[in-house]
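**Student:** I'd like to ask you about the structure that follows.
Any read-out appearing in this document is the output of simple, stated calculations on the displayed coordinates, not a laboratory observation. From a predicted model like this one, the values you see are computed outputs, not experimental measurements. Backbone-built Cβ (ideal geometry, glycine too); neighbour counts: all protein chains shown.
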Amino acid sequence: MKEKIHTDQISLVIRLAWEDRTSFEEIKERTGLCEREVIDIMRRELKPSSFALWRKRVGGRVTKHRKLLERRLKSPGLEDDG
């Protein structure tokens, strides 16, 4: 990270990162932090079990990555129902 961030901003990043509908791109627009920096904050601020749960949750969310979401919306027939 380029500069030290405030506790208020850390709380905002954590809240946004946990939200399913907030993409990493939107987090970057709002906070200036890239996905790697968000992951680093989550790793540092959460308990190890909470971080592991968050990573598992984020890994399965198309909505956390704007490009994946756009691709899914363009090709609705590719949804996995199983």
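**Student:** Taking the Cα centre of the range 7-73 as the origin, how large is its charge dipole in debye, to the nearest 20, when only Lys and Arg (+1) and Asp and Glu (-1) carry charge on their Cβ atoms?
**Tutor:** For the range 7-73, the charge dipole is close to 380 debye.
**Student:** Among Leu12, Phe51, Cys34, flag the residue with its Cα farthest along the positive direction of the charge dipole of the range 7-73, charges on Cβ as +1 for Lys/Arg and -1 for Asp/Glu.
**Tutor:** Of the options given, the answer is Phe51.
**Student:** Could you give the spread of the C-alpha atoms of the range 7-73 along their three principal axes, from largest to smallest, in whole angstroms?
**Tutor:** That works out to 34, 25, 16 Å along the principal axes.
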